[in-house]
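Asker: I have a structure I would like to understand better, so I am pasting it below and will then ask my questions one at a time.
The values are calculated or read from the model by the stated rules, or taken from the named source; none is laboratory data. Remember, it's a predicted structure, so these values are computed and weren't measured experimentally. Using ideal geometry, Cβ is built from the backbone for each residue, glycine included, and neighbour counts are taken over all protein chains shown. Note: areas computed on protein heavy atoms with side chains; ligands, DNA, RNA excluded. Shrake-Rupley method; radii C 1.70, N 1.55, O 1.52, S 1.80 Å.
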Amino acid sequence: MPRKKRPRQPPSPRNVTRKALREVLDLTQAEAAEKAGLSPRTVNRLETMPDSGGAEEARYLAGMNYETVDADVVEAALIQTQDPAAPPGSPADPSLDELRLIRRLAGDAGAHAFRTTEEHLRELVPLWRRTRARLQAVGLCETLLALPTKRRRLRIEKVRQFQTWAVAERLCLLSEQVAPQKAELAVERAKLACLAADWADVDDLFRPRLQGFCLFYLGNAERVSGHPSQADATFARASSLWEQGAAADPGRLLPAWRVLDLEASLRRDQRRFEHALDLLDRARAAAPKAAHGRILLKKSSILAMMDEPERALEALREAEPRVEAQGDRRQLWVHRFNLARCLCDLGKYKEAESRLPEVRALTMELRNETDLWRVRWLEAKVLAGFGQTDEAREALEQVRRAFAAPAIAYDGALVSLELALLHLKEGDTGRVKTLAEEMMWIFEAEGVPDNALAALTVFCQAAKQEAATVDLTQRILRFLERAQHDPSLRFED
C-alpha cells in the first residue's frame, strides 16, 4: 500500500518573516540562496517548513545583510496582529477587544523602542568605528615613524593598512604636537599626512575634505617654520578643498574646530587679531568641552598681544577649571605661567607671587631647562615689583647669562633691557654701558627682525655715551615686546 502523506503544516510566523525579509529586497529564492551560500531547496525549507532554522537561518539572514534581531522584531509584529485563540476564561480576564487594544499598545511601544534603538545605534556605530580606526592609527603611525625617512612614503603608497583617513588624521596631530619645538619635523609629518590623504581608501566626495584637513596642518607647520607667505597660500588651498568636501562630512568625522583653531594661529601671526578671536569663538562653539581650555589659552595670548591684559586675565581665569579638568601637565604649566605673568603686567605682584610655587613645581616636573629660566625671569619681575632691586638684578643677571644663545637672542635682548632699566633707576650708567657692549652678539644672531635691531641700536648707542635714560629704555623695551609679534612696527626715537 502506498504510504499516506502527512498533511503539510502551514508556515509558521517565522517562515513568513523570512520570506517577507527576502521580498523586501526584491530577491528570488535562488538569488537569496546564492548570497547566503545555501541551496535553493534549503531556502525554500526555511520559508515554508516550521521548526527549521538554527545556523542555516543565520547564514540566510546574513547573506541579505540582516541580523537575527531583525527577524525577531518582524516576527513579533506579525504575531501581535493575530487575534487571541480563545475567549477569556475568567470574568476578570481581558475581553477580546481589550486584548486587541493591549496588543496594539504593546506593538506601538515595541515600534517606538525599535526606532529609539535604531537612532542610538546610528549614532553609536559610527562612534565605535571612529574610535577603533583612531586607536589602530596610533599603532600604525608609531610603526611608520620608526622606519627610515625614505621608506615612510613608500610604506604609505604600497601598504593598504596605512591608506586610511585615521592615519592621515593621526599624522596631522603628531605634526602639530612637535611644531613648537621641531618645525621641520612638523612639516615632514604633515606632508606624510597629505600623502596618506591622497592614497586613502575613501569616497571621492570625502577625499577633498580629508585633503583640505591635512593641508591646514601643513600650513600650520610652514607657519611655525618661518614661512608665512607659503603658509597663507597653503591655507587658501586647504580652505577650498575643505569646503568642496563639506557635504560628505558635515562635522561628524574630521573635527572642524581644529581647522578654525589652526587658522586663528595664522591670523594672529598676521596681526589680524579680531579675525583670530572670531575664529577662536567659532572653534569653541564647535569643540568638545575638553578643548575649551586650550582655546581660551590661545585667546588670552592674543589679547595680551593686543595690549589688553585685563581681558587676557579674564580669559585665563575662565580657562582655569577647564585646563585643570583636562589633566595635561604642559597645558597646565602654560596656563599657570601666563596667569602669573599677566598678573605682573597688571601690577598685581602679590597675587603673582602666590602663583609662583606651583609654577616652579610644574616646571621641575616637566624638566625643561629653558622654562626653568623663564620662571626665574618671572620671579625677577615680581621682585622688582616689590622694590627688591638687588634680588631682582641678581635674578635677571642669571637669566641674561642663560639666554646668551642664538636660538633665544630676542629674549636675551628683553632681559638685558630690563636689567639695564634697574641700573638706570639707580643712576649706574657705567654698568648700562657695559651691558650694551655685552649685547653686541645679539646683532649677529639669526631670527631677530630688523625693526628690533634698529631699536636696540638706538639704545646701545645712547648707553655707550652714558646718555641712556629710564624713559628711553622703557620705550625701547615696550617696543620690543610689541615688535616680537609685529615685524612691521617701526621705533620712533
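Asker: How about the stretch 252-262: which of its residues are among the hydrophobic types (A, V, I, L, M, F, W, C) and open to solvent by less than 30 Å² (accessible area, probe 1.4 Å)?
Answerer: Selection gives LEU254, TRP257, VAL259, LEU260, LEU262.
Asker: Sticking with this one: Of all residues being in a helix (DSSP H, G or I) and open to solvent by 20 Å² or more (accessible area, probe 1.4 Å) in the stretch 478-493, which is farthest from ALA420 (Cα to Cα)? Just the residue, please.
Answerer: Here the residue is ARG482.
Asker: Still on this structure, please answer the following. Does GLY53 fit the bill of being at pLDDT below 75 and either buried (at least 17 other Cβ atoms within 10 Å of the Cβ) or among the β-branched types (Val, Ile, Thr) (or both)?
Answerer: Taking the combined requirement at face value, the residue satisfies it.
Asker: Looking only at the stretch 200-247, count every residue that is buried (at least 16 other Cβ atoms within 10 Å of the Cβ) and within 20 Å of the chain's Cα centre (by Cα) and tell me the total.
Answerer: Final tally of qualifying residues: 27.
Asker: Being open to solvent by less than 90 Å² (accessible area, probe 1.4 Å) and more than 16 Å from ALA71 (Cβ to Cβ) is the filter here; which residues of the stretch 7-41 pass it?
Answerer: Those that are open to solvent by less than 90 Å² (accessible area, probe 1.4 Å) and more than 16 Å from ALA71 (Cβ to Cβ): THR28, GLN29, ALA30, GLU31, ALA33, GLY37, SER39, PRO40.
Asker: Also: Please give the number of the condition ALA183 fails out of (1) at pLDDT 95 or above; (2) in contact with a Gly (Cβ under 9 Å, 6 or more places away or on another chain); (3) aliphatic (A, V, I, L, M).
Answerer: ALA183 satisfies all of (1) at pLDDT 95 or above; (2) in contact with a Gly (Cβ under 9 Å, 6 or more places away or on another chain); (3) aliphatic (A, V, I, L, M) except (1).
Asker: Hey, among GLY447, GLY427, GLY412, GLY387, which residue is small (Gly, Ala, Ser) and touching a residue at least 40 places away in the same chain (Cβ under 8 Å)?
Answerer: Being small (Gly, Ala, Ser) and touching a residue at least 40 places away in the same chain (Cβ under 8 Å) holds for just one of GLY447, GLY427, GLY412, GLY387, which is GLY447.
Asker: Give me a count of the residues in the stretch 42-75 that are in a loop (DSSP other than H, G, I, E, B) and among the polar types (S, T, N, Q).
Answerer: The total comes to 2.
Asker: I've got another one for you. All but one of (1) closer than 26 Å to PRO180 by Cβ; (2) open to solvent by 40 Å² or more (accessible area, probe 1.4 Å); (3) touching a residue at least 24 places away in the same chain (Cβ under 8 Å) hold for LEU417; state the number of the condition that does not hold.
Answerer: Failing condition for LEU417: (2).
Asker: Specify which of the listed residues (GLN465, GLN474, GLN461) is within 17 Å of LEU489 (Cβ to Cβ), open to solvent by 20 Å² or more (accessible area, probe 1.4 Å) and of a type outside the set (Asp, Glu).
Answerer: None of the other options fit; the residue is GLN474.
Asker: Quick check on LEU383: is it over 21 Å from HIS335 (Cβ atoms), open to solvent by less than 40 Å² (accessible area, probe 1.4 Å) and either of a type outside the set (Ser, Thr, Tyr) or at pLDDT 95 or above (or both)?
Answerer: So LEU383 fits the description; yes.
Asker: May I ask you to list the residues in the stretch 386-413 that are open to solvent by less than 10 Å² (accessible area, probe 1.4 Å) and within 24 Å of MET440 (Cβ to Cβ)?
Answerer: ALA395, LEU396, VAL399, PHE403, ALA409, GLY412, ALA413
Asker: Kindly list, by first and then second residue, each pair from a residue in the stretch 38-64 that is free of Cβ contacts under 8 Å to residues at least 24 places away in the same chain to a residue that is surrounded by 15 or more Cβ atoms within 10 Å (Cβ to Cβ) and not in a helix (DSSP H, G or I), limited to pairs with Cβ atoms under 8 Å and residues at least 6 apart or on different chains.
Answerer: ARG45/SER52; GLU56/LEU38; ARG59/LEU38
Asker: Residue by residue through the stretch 177-195, note down the ones that are crowded, with 21+ Cβ neighbours inside 10 Å and under 18 Å from LEU135 (Cα atoms).
Answerer: Of everything in the stretch 177-195, just one residue is crowded, with 21+ Cβ neighbours inside 10 Å and under 18 Å from LEU135 (Cα atoms), namely ALA193.
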